[in-house]
1. Just need a number here: residues in the range 468-483 that are of a type in the set (S, T, N, Q) and in contact (Cβ under 8 Å) with a residue 12 or more places away in the chain.
2. Which residues, counting only those in the range 280-334, are aliphatic (A, V, I, L, M), in contact (Cβ under 8 Å) with a residue 60 or more places away in the chain and closer than 19 Å to residue 520 by Cα?
3. Can residue 251 be described as over 28 Å from residue 39 (Cα atoms) and surrounded by fewer than 21 Cβ atoms within 10 Å (Cβ to Cβ)?
4. Name the residues in the range 103-158 that are in contact with a strand residue (DSSP E or B) (Cβ under 6 Å, 6 or more places away or on another chain), loosely packed, with under 15 Cβ neighbours inside 10 Å and part of a loop (DSSP other than H, G, I, E, B), would you?
5. Kindly establish whether residue 196 is in contact (Cβ under 8 Å) with a residue 24 or more places away in the chain, in contact with a helix residue (DSSP H, G or I) (Cβ under 9 Å, 6 or more places away or on another chain) and under 25 Å from residue 11 (Cα atoms).
6. Sort through 526, 497, 513 and tell me the only one that's assigned by TED's automatic domain parsing to the domain that holds residue 468, at pLDDT below 70 and not β-branched (Val, Ile, Thr).
7. In the range 26-77, how many are of a type in the set (S, T, N, Q) and either touching a His at 6+ places or on another chain (Cβ under 9 Å) or surrounded by fewer than 17 Cβ atoms within 10 Å (Cβ to Cβ) (or both)?
8. I'd like the full set of residues that are of a type in the set (D, E, K, R), under 15 Å from residue 561 (Cα atoms) and either part of a loop (DSSP other than H, G, I, E, B) or in contact with a Gly (Cβ under 7 Å, 6 or more places away or on another chain) (or both), limited to the range 414-435.
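The values are calculated or read from the model by the stated rules, or taken from the named source; none is laboratory data. All figures in this text were calculated on a predicted structure; none of them were measured in a lab. Please note: Cβ atoms are built from the backbone with ideal geometry, for glycine as well, and neighbour counts cover all protein chains shown.
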Amino acid sequence: MAIRVLAAELVNQIAAGEVIERPASVVKELVENSLDAQAHSVSIEVEKGGVGLVRVRDDGQGIERDELPLALARHATSKIAAFNDLESLATLGFRGEALPSIASVSRLTLTSRTAAEPHGWRVSVIDGAIGPIEPVAHPVGTSVEVRDLFFNVPARRKFVRSENTEQQHIARIVERLALASFSAGFSLKIRGKSVLAVPPASGQLGREQRVATICGAEFLEHAFYIEHTALGMRLSGWLAAPTFSRSQADLQYFCVNGRMLRDRMLGNAVRVGYRDVLFSGRHPAYLLHLDLDSRAVDCNAHPQKLEVRFRDPRSVHDFIFRTVEHALVATRPATGVLGSANRAALFPGHGPGHRDEINALQANAAPENQVGMLLGEPRAEYRPTAVHHHGATAVHATAGTVPPLGYALAQLHGVYILAETSDGLVLVDMHAAHERVLYERLKNSLNGGAAAHQRLLVPVTLAVSRDEAELAEREQHQFAELGFEIDRIDREQIAVRQVPALFADRDVGPIVRDVLADLRQHGTTRRFIEGANELLATVACHAAVRAHRELTLPEMNALLREMETTDRADQCNHGRPTWTRITMPELDRLFLRGR
């Protein structure tokens, strides 16, 4: 076949194949254009799963009459003018392909009005040809109506799923856009029925209401807000408690500079931050916003702008991981916190972190004990026990001197510790709590330099690819920092000559290979640390007090005090909750007191 220039219509359809994967892609592109036009309100209407109709209306700046045909031309945009603009993008869309691509596979009508115009103007694309511009009544802003999607591309239409499936994809994409852009209000109607309606959210309360509407009130009840700035980056948003882990990654939202993404590196950074407090196979829930210099991120890496590339991915990964890890360190017992166990089973309608209960508790709590509001590391403070005799043992203290977990009263069936606090009762799972205390103590001992290295009598030789051998040679310092001595002995061979004592009896080959894979993909690794932590967690689990072992009151009180000063004490090494609080108002409701 001779080389030829493709017809403009075919070029647009090829571009549409990259940009428009399904009806939800149309919604995403049009809503992002509305947000770039500084819209305060975006309305989306959908019929027949988006194949029959997608209509997006906004109250943005609008498009001038003479620019309407240009908006439908390929690579015509108001968002960039020169190559240097690509390095500092401040908008969601910039390629100038969305509208012409959509118009090439549908019947599209574009209507818009600017504030300077007395009325709006409308233009339609009919069989790939742009029609005449017509005056029309329209408020300030833009409306785009897309009908009969893929009507002229039967092969693409065959890949469209059922109406319900496509509607669900559209609802999910609108929810993600709403979580990324709090300054705009969103409404979604499917087949005339309102599915989502959220007003603009300017303050923290408004943002929390939107998060609760989209992610569910239960997510917000279990989550705490973080905000941290360092190295020119800012991470903010909500992290769910480890005990609110999920069986699938269905409550994970990440946004970079206002753009919602599905990025493996970002997801890996958060997952690593949670790894020390989650069951194997469980997934954390979060909504996070990362803001950084636009010149440090390349948004032009994916046709649908769902993935980005970072100039320094290692520093971004480490910043996110350490921020999440640091925030989770503060999940320990403190005044004003209702505990880590699922209270909804005991008190329906007053689940974990019930807002009224939390506000009442935090109003009386010292600011440094309000866990999770900022990236602090609150330490529970307490004074020596005031003598109140329960038998021959001191168990109480006067109000104001009682530590967060109070003082032990008794042991229930050899499993739970009952403790009295200034505002009610605390229940502690003694095995889970002791397991976490021992685990953190072992880790601190290891990090404090107590870990020994062992030189291997016979070095372990590994056959690797040439790239992996070069990577191992280049990253020798990272291996050395963790106690491993690795040399390159041939073009495709490396030798492990020294290992930390914890790994002396283990096969280090698979670990080294996994590390090399991490370094190649993410530029960083935590395989050695995680391997050591797995061993320490096993030791802690076996060494922790077992169920049905009787503890004395001093032993119980000692465990409570250690929990209050132990990092991540809200959950054991496997992610199980360790304690819960039952307040006096809740006890009064159980026994109908005051009614």
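1. Here the count works out to 1.
2. If the condition is that a residue be aliphatic (A, V, I, L, M), in contact (Cβ under 8 Å) with a residue 60 or more places away in the chain and closer than 19 Å to residue 520 by Cα, then 316, 320 are the ones that fit.
3. no
4. 119, 131
5. For residue 196, the condition - in contact (Cβ under 8 Å) with a residue 24 or more places away in the chain, in contact with a helix residue (DSSP H, G or I) (Cβ under 9 Å, 6 or more places away or on another chain) and under 25 Å from residue 11 (Cα atoms) - is not met.
6. 526
7. Residues in the range 26-77 being of a type in the set (S, T, N, Q) and either touching a His at 6+ places or on another chain (Cβ under 9 Å) or surrounded by fewer than 17 Cβ atoms within 10 Å (Cβ to Cβ) (or both): 2 in total.
8. If the condition is that a residue be of a type in the set (D, E, K, R), under 15 Å from residue 561 (Cα atoms) and either part of a loop (DSSP other than H, G, I, E, B) or in contact with a Gly (Cβ under 7 Å, 6 or more places away or on another chain) (or both), then 420 is the only one that fits.
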